[in-house]
Amino acid sequence: MIKRYFITLLLVVGAGAVIFNYYETYSDSPWTRDGQVSAYIVSITPRVTGQVTEVYVDDNSRVEKGDLLFEIDPAIYSAAYHKAVATQGQAQALLSKARNNLQRTSELEKRMHGAVPTLTLNNLTNEVESAAANLDLAKANVEEAKLNLKYTKVYAPTDGYITN
């Protein structure tokens, strides 16, 4: 019976020694679960410059991808768009005029060979090509002005929270 008590006492003392050892080790260098939390930050900058006229979100509010965040004053970009459309119309008219001049002169040359100098025909052909290039440039300017007008509205590129 004493043997049984002795074995039990020995096990209790051994368990106490192990627990004491772990306690001392943990006191000297505690074990923790360190972690870092980092946010994926997306900078929002408009593609065009200007004064912000309206802000549609509050600080620390949740936004979905595609939500309108703010709007830049579109007046300048609207005027530039209308100016580009007018320039395109003007370029179209100049191209029509150059084509008409070339066609009229070419028909005159066909009816009366030698009535129009070759240099004049070449110049008129060059005017048509130049007017066509100017029309292409005007179309590109209209597209650019349309994009700039569209860029006055800034949308959320991803889901998340707005912070300052």
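Since every read-out is calculated from the coordinates, none of them should be taken as a lab result. Predicted model only: the values in this text are computed from it and were never measured. Ideal geometry is used to build each Cβ from the backbone, glycine not excepted, and the neighbour counts take in all protein chains shown.
What the table below lists for this structure:
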read-out: Residues Tyr81, Tyr40, Tyr56 arranged by fewest to most Cβ contacts within 10 Å; value: Tyr40, Tyr56, Tyr81
read-out: Residue exposure sequence - Val57, Val18, Val37 - by fewest surrounding Cβ within 10 Å; value: Val37, Val18, Val57
read-out: Least to most buried among Arg111, Arg99, Arg47 (fewest other Cβ within 10 Å first); value: Arg111, Arg47, Arg99
read-out: Amide H contacts of Ile72 (H built 1.01 Å from N, under 5 Å, at least 5 apart or other chain); value: Thr53, Lys153, Val154
read-out: Lysine pairs with alpha-carbon atoms under 25 Å apart, region 52-161, spacing 8 or more or separate chains; value: 12
read-out: Ellipticity estimate at 222 nm from DSSP helix runs (n ≥ 4, -39,500 (n - 2.57)) divided over the chain, nearest 500; value: -21500 deg cm²/dmol
